[in-house]
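Engineer: My structure is below; once you've seen it, I'll send some questions.
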Amino acid sequence: MDYAQLKADLLAYSAEIGVDKLRIASAEPFLSLKDRLIEHQEKGYASGFEHPVLEERVDPRLSLPSARTIISIAVAYPTKMKKAPKSIPGARRGVFSRSSWGQDYHTVLNDRLKKLEAFLRERVGETEMVRMVDTGALSDRAVAERAGIGWSAKNTFTITPEFGSFVFLGNLLTSLPFPLDEPLEDLCGSCTKCIDACPTGALVGPGELNAQACLSYQTQTKGFMPDEYREKIGNYLYGWDTCQLVCPYNKGIDSHHHQEMEPDPELCKPLLEPLLSISNRKFKEQFGHMAGSWRGKKPIQRNAIIALAHYKEKSALPKLCELLASDPRPVIRGTAAWAIGKIGGSEKEEKALLKAKETETDQLVQIEIEKGLDLLKKQNGSQ
């Protein structure tokens with residue numbers, strides 16, 4: 001088998017099926033990554049979403065014992081929304097980060113990788129392969145860096161020369177001895193724009209992220225969001241974009257190569273108030289195909305409440321009082337109590353908070369009610 005020719009044929013085929021970049025890395029263990037991951041864990045920077053077995057994260061052969069090479073792919077996604085609806089008083093809108101626009105990238109990239117698998121099996125017969133997209137054991141970014149898809153930037157994303165960092169990554173472990181590609185030079189240089197722009201200091205150093213402090217992570221948690229992050233997420237419902245948007249290599253980048261990735265403006269920038277009463281069935285129907293729905297509706301609803309507080313949207317106060325009084329979920333009741341105080345209301349809202357204080361049995365919600373009352377007093381005192 002001429003593996004150089006097979007690689008050339010694979011590259012040509014990958015372009016036909018919507019893969020924007022394909023490179024080949026060795027399947028040797030990622031030894032230097034192991035030390036970084038251990039240090040990351042010891043510092044308490046891990047998100048908890050990572051693959052749980054450290055050895056499997058750094059040794060491809062624990063996922064595929066016969067692995068010799070890893071096919072690394074990149075698929076570019078859009079950064080600008082056409083005909084984006086405006087957020088106006090009385091009709092405030094939230095926003096999903098660009099990584100959640102269009103169809104869930106796990107689905108899209110798995111489709112591309114399945115087609116690459118089928119192509120290779122047709123050419124070489126039965127051969128062992130394992131697909132990975134984000135949720136696999138290996139670090140997609142470490143593989144992409146080794147393969148020469150791009151370099152690992154200070155914001156922890158992979159920057160490609162062609163598409164900036166606005167790419168989704170996937171891997172295909174194979175037992176085939178393809179010729180390898182070379183890594184790219186790191187061109188971040190002395191630039192620290194992403195680190196400087198991080199609103200929480202989550203980028204603690206070049207390429208080092210405290211995931212616990214990252215606003216993207218915070219939007220995906222299910223409990224109460226700490227106060228210091230509520231003040232900073234603005235109207236984001238899922239994810240975060242700032243550390244990519246400020247990157248010079250992303251200036252002017254807007255890739256509209258794939259129909260599946262195109263954003264539906266009404267879903268990617270949805271009205272906030274309807275989200276507060278959306279049913280599980282309706283949420284799955286509308287948002288279930290998006291990457292940002294993976295944690296379910298509760299984090300999205302909590303973030304929508306915080307966004308309404310960010311806007312100080314007084315028209316939302318009746319709905320927030322309703323949630324405070326009757327929602328069965330403590331996180332929603334408590335966040336609504338805080339938001340009422342943040343927005344500022346009249347005697348009616350104060351009564352709602354005081355009534356909830358009398359009947360509420362959850363201690364954490366009681367704390368949020370106290371915050372709401374204190375905020376309300378400050379708001380009314382300053383008027």
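The values are calculated or read from the model by the stated rules, or taken from the named source; none is laboratory data. Note that this is a predicted model, so its numbers are computed, not measured. A quick note on method: Cβ atoms are made from the backbone with ideal geometry, for glycine too, and the neighbour counts reach across all protein chains shown.
Engineer: Considering the stretch 96-141 alone, what residues qualify as being within 26 Å of LEU37 (Cα to Cα) and of a type in the set (Lys, Arg)?
Structural biologist: Hits for the stretch 96-141 are ARG131, ARG141.
Engineer: Sort out which residues of the stretch 213-231 are surrounded by fewer than 18 Cβ atoms within 10 Å (Cβ to Cβ) and either within 17 Å of VAL365 (Cα to Cα) or among the basic types (Lys, Arg) (or both), and write them in order of number.
Structural biologist: LYS222, GLY223, PHE224, PRO226, ASP227
Engineer: Hey, can you tell me all the residues within the stretch 1-24 that are surrounded by 15 or more Cβ atoms within 10 Å (Cβ to Cβ) and among the polar types (S, T, N, Q)?
Structural biologist: Within the stretch 1-24, just SER14 meets the criteria.
Engineer: Further, regarding this structure: Name the residues in the stretch 120-134 that are over 15 Å from ILE73 (Cβ atoms) and either in a helix (DSSP H, G or I) or free of Cβ contacts under 8 Å to residues at least 60 places away in the same chain (or both), would you?
Structural biologist: ARG121, GLU122, ARG123, VAL124, GLY125, GLU126, THR127
Engineer: Of these, THR69, THR107, THR79, which one is under 25 Å from ILE17 (Cβ atoms) and surrounded by fewer than 19 Cβ atoms within 10 Å (Cβ to Cβ)?
Structural biologist: On inspection, the qualifying residue turns out to be THR107.
Engineer: Looking for something on the phi > 0 side of the Ramachandran plot, at pLDDT below 95 and in a loop (DSSP other than H, G, I, E, B) - is there at least one such residue anywhere in the stretch 195-208?
Structural biologist: Yes: the stretch 195-208 contains one or more residues that are on the phi > 0 side of the Ramachandran plot, at pLDDT below 95 and in a loop (DSSP other than H, G, I, E, B).
Engineer: Among the residues that make up the stretch 191-201, is at least one of them within 16 Å of the chain's Cα centre (by Cα) and free of Cβ contacts under 8 Å to residues at least 40 places away in the same chain?
Structural biologist: No, the stretch 191-201 has no match at all.
Engineer: Give the residues of the stretch 151-193 that are within 29 Å of GLU128 (Cα to Cα), of a type in the set (A, V, I, L, M, F, W, C) and in a strand (DSSP E or B), sorted by residue number.
Structural biologist: TRP151, VAL167, PHE168, LEU169, LEU172, LEU173
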